[in-house]
1. Based on a Kirkwood Rh over C-alpha pairs, give the Stokes-Einstein translational diffusion coefficient of the stretch 128-275 at 25 °C and viscosity 0.890 mPa s in µm²/s.
2. Are there GluC sites (Glu not before Pro) in the stretch 1-108 that DSSP marks as loop and that have at most 12 other Cβ atoms within 10 Å, and which are they?
3. Under a no-solvent Debye model with one identical scatterer per Cα of the stretch 41-197, what's log10 I(q)/I(0) at q = 0.09, 0.10 Å⁻¹?
4. Could you compute Rg(Cα) / (2.2 N^0.38 Å) for the chain, with N its residue count?
5. Starting from 0 in steps of 10 Å, tell me what percent of the Cα-Cα pairs of the stretch 332-410 lands in each bin.
6. When ligands, DNA and RNA are left out and all protein chains stay put, how many square angstrom of accessible area per residue does the chain have with a 1.4 Å probe?
7. How much length, in nm to one decimal, is gained on full extension between Ala197 and Trp257, taken as 0.36 nm per residue of separation minus their Cα-Cα distance?
8. I want to check the label-to-label distance for Ala338 and Leu16. Put each point 7 Å from Cα in the C-beta direction and report it in nm to one decimal.
Amino acid sequence: MKIRPFWVLVHRYAGLAMTVFLIIVGLTGSLLAFYSELEHLISPQLSAPASSLPRLSPSLLKAKAELLVPQGSINSIWLEHDAAHLDVAPRIDPASGKPYELGFTQLILNPYTGEELGRRTWGAISEGWINLMPFVYKLHYALALEEIGGWILGITALVWTLDCFVGFYLTLPVSKKSKVAALRGEQRSFWRRWAPAWLIKWHGSGFRVNFDLHRAGGLWLWAMLLVFAWSSVYMNLSDTVYAPVTRAVFTDYHEPWIDFPDLDKPLEQPPVAWTDAYRIAVDLMDQAARQQGFTIESQQGFRYNPAKGFYVYNVRSSADVEEKHGSTRMVIDASSGAQKLLILPTGQYAGNTVTSWLAALHMGDVFGMPYRIFVCVLGLAIVMLSVTGVVIWLKKRRARLHKAVLREGS
């Protein structure tokens with residue numbers, strides 16, 4: 001088999017296999033570019049009014065949450081400018097030995113006063129509008145199918161990444177002279193022969209416009225399509241694919257959930273209590289900021305991971321590339337309170353710097369509103385590329401079937 005027809009088949013059937021999944025992630029991604037605005041529009045009761053008061057510390061928010069939900073355990077707190085999101089797990093009822101029935105997984109508090117703003121089972125669309133945007137997020141990340149959906153979209157992202165290169169190759173001009181050009185001794189340059197691939201013949205037939213939209217659209221957006229495909233691999237196949245590849249290329253790449261294995265048994269009652277660990281983490285982060293020369297701008301969150309036995313303290317710092325969020329992290333051992341790992345988004349490890357940019361570009365958290373609009377449009381473009389690819393396949397399939405019928409009738 002000739003090489004080009006082989007890659008045409010690869011591109012065709014890889015695209016068909018990904019179509020439904022890319023349409024889902026494209027449409028949901030367009031909405032997620034404006035997650036905060038849509039969440040506020042749909043569920044305004046979950047956002048605190050603007051305040052001149054300082055935000056409460058995670059320790060104080062945790063204490064207030066435990067008064068509101070004494071039967072729940074707070075392991076993680078995430079701070080936004082207008083809300084504090086606390087993940088709540090049920091405690092064990094000593095009388096029955098079974099977990100309490102809470103009826104929700106997330107408690108939302110006013111970050112300035114600690115007053116309750118709402119409760120929800122995050123992502124459960126059965127609860128109505130209050131969970132619409134979290135459900136869209138779950139669809140985008142894992143088809144709302146938990147772990148199996150994450151694997152499906154992770155594999156899709158890997159195929160998409162590889163297919164980006166196949167699709168790019170197929171836009172390149174075939175290197176052969178026409179008979180007329182050969183007789184005249186003429187040969188158009190590579191760039192002149194490649195130029196039509198970048199253009200859309202709007203006055204052509206419907207099929208030609210569809211084909212040009214697919215080919216030219218893919219070319220003009222190629223670099224960003226690759227960024228979004230590979231960053232999706234990072235988000236869904238981080239430890240199995242992304243981390244090994246990144247470490248092979250950049251050597252230095254660290255993530256706490258990858259660097260440290262799970263404990264033989266989850267550490268449900270850590271020797272270093274949550275509040276003490278938070279205080280230690282704040283002190284260690286302040287020391288690191290002075291030593292490493294970065295500035296802490298705001299606290300982002302604090303969480304405990306029983307499976308690995310460590311705490312993670314998140315802040316936004318001058319080392320972050322994201323505009324709204326931060327991924328400067330201090331990892332604390334839950335048994336000793338010692339520092340296990342400090343991760344700066346940029347300027348520390350090359351692999352983490354690249355990853356920070358990939359994540360920020362994927363989440364639309366850089367370059368302000370113009371880039372977020374671009375991300376929204378890109379999601380719709382991904383849908384367009386998927387649909388036009390199917391149309392091309394259907395058209396050529398009908399042509400092949402028609403030829404087969406004519407051969408049988410002759």
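1. Working: Rh = 20.0 Å.
The calculation lands on 123 µm²/s.
2. On the way: sites: Glu37, Glu39, Glu66, Glu80, Glu101; in loops: Glu80, Glu101.
The qualifying sites are Glu101.
3. -0.52, -0.58
4. 1.20
5. So the P(r) values, bin by bin, are 14, 19, 20, 16, 13, 10, 5, 2, 0.
6. On a per-residue basis, 53 Å².
7. Values: separation 60, 0.36 × 60 = 21.60 nm, distance 4.36 nm.
Answer, rounded to one decimal: 17.2 nm.
8. Result for the modelled spin labels: 5.8 nm.
The values are calculated or read from the model by the stated rules, or taken from the named source; none is laboratory data. Because the structure is a prediction, the values reported are computed rather than measured. Virtual Cβ from ideal backbone geometry, glycine too; neighbours counted across all protein chains shown. Please note that ligands, DNA and RNA were not included when accessible areas were found on the heavy atoms of the full protein model with its side chains. Shrake-Rupley method; radii C 1.70, N 1.55, O 1.52, S 1.80 Å.
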